[in-house]
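Worksheet: one structure, shown below.
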Amino acid sequence: DTHRRPDHSSKTVVIAKHLCGAGTDMALKSLRNLASIDGCVFATCCHGLCNWNDYVGRNCLLSLFCSKTGGLTSFGEKQFHLMRRWASASVLDERQIPNADSLGTDNSQSEDDHNNIVPDNDDGRGRGSNIFAVVGDLGLACGSKGLGRACQRLIDHGRCEYMRNTLLTDNHSGGTFHVRLLHYVPRDVTPQNALIIAIRERSS
């Protein structure tokens, strides 16, 4: 969307609403080809359909989880696969949440309605990879939906860091970008309510 200002210069603002999964990451990568961006607004969606190869925030998650605070010795595709599967729990209706003992059950529906757990189709079966079992075993007060939302925000945080440290610094000059991650509507309107906003403040 381009807005014409009184001095006949223009502003370029990129808007993307609910691009599913890796679509958000591919859209962010495509911005590197633009000569100038004044702002970006991304409403993220379907975190369970992200993948490690396309995800732009890999360096951020590596830094977070492999730091002294994170405590892991490695973080990669296997761990990201688990996190993006857990993210799907945040959009479940309470009536859809299974027992912690029902592990590895197949869900043949797609995630198009934003209300499904991503099926566990690899060797990640078992209590250690099942979000409902993990929440139950650890007694997490946030529940499976809360843990799922935390995974969503981690994925989005990595995207924000990519915009700050790679996208906006590599290809744009003449001002400072401010990147924010916020919720633009209550989650009872939609559980996919996260918004990434980047605004350029030009030097005067």
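The values are calculated or read from the model by the stated rules, or taken from the named source; none is laboratory data. Being a predicted model, the structure only gives us computed values, none of them experimental. A quick note on method: Cβ atoms are made from the backbone with ideal geometry, for glycine too, and the neighbour counts reach across all protein chains shown. For accessibility, only protein heavy atoms count, side chains too; no ligands or nucleic acids. Shrake-Rupley method; radii C 1.70, N 1.55, O 1.52, S 1.80 Å.
Among the residues in segment 176-195, are any polar (S, T, N, Q), at pLDDT 90 or above and in a loop (DSSP other than H, G, I, E, B)?
Yes - at least one qualifying residue is present in segment 176-195.
Is it the case that Gly146 is open to solvent by less than 20 Å² (accessible area, probe 1.4 Å), modelled with pLDDT of 85 or more and part of a helix (DSSP H, G or I)?
no
Looking at Lys17 and the list (1) open to solvent by 80 Å² or more (accessible area, probe 1.4 Å); (2) under 17 Å from Val56 (Cα atoms); (3) at pLDDT 85 or above; (4) of a type outside the set (Gly, Ala, Ser), which single condition is not satisfied?
(2)
Condition check: closer than 30 Å to Gly39 by Cβ, acidic (Asp, Glu), at pLDDT 90 or above and open to solvent by 30 Å² or more (accessible area, probe 1.4 Å). Does Glu161 satisfy that?
Taking the combined requirement at face value, the residue satisfies it.
Considering only residues that are in contact with a helix residue (DSSP H, G or I) (Cβ under 6 Å, 6 or more places away or on another chain) and without any contact (Cβ under 8 Å) to a residue 24 or more places away in the chain, look in segment 62-91 and name the one that is surrounded by the most Cβ atoms within 10 Å (Cβ to Cβ).
Residue satisfying both the conditions and the ranking: Phe75.
Can you name the residue in segment 31-61 that is closer than 25 Å to His178 by Cα and open to solvent by 60 Å² or more (accessible area, probe 1.4 Å) and, of all such residues, is farthest from the chain's Cα centre (by Cα)?
Ranking the qualifying residues of segment 31-61, first place goes to Ala35.
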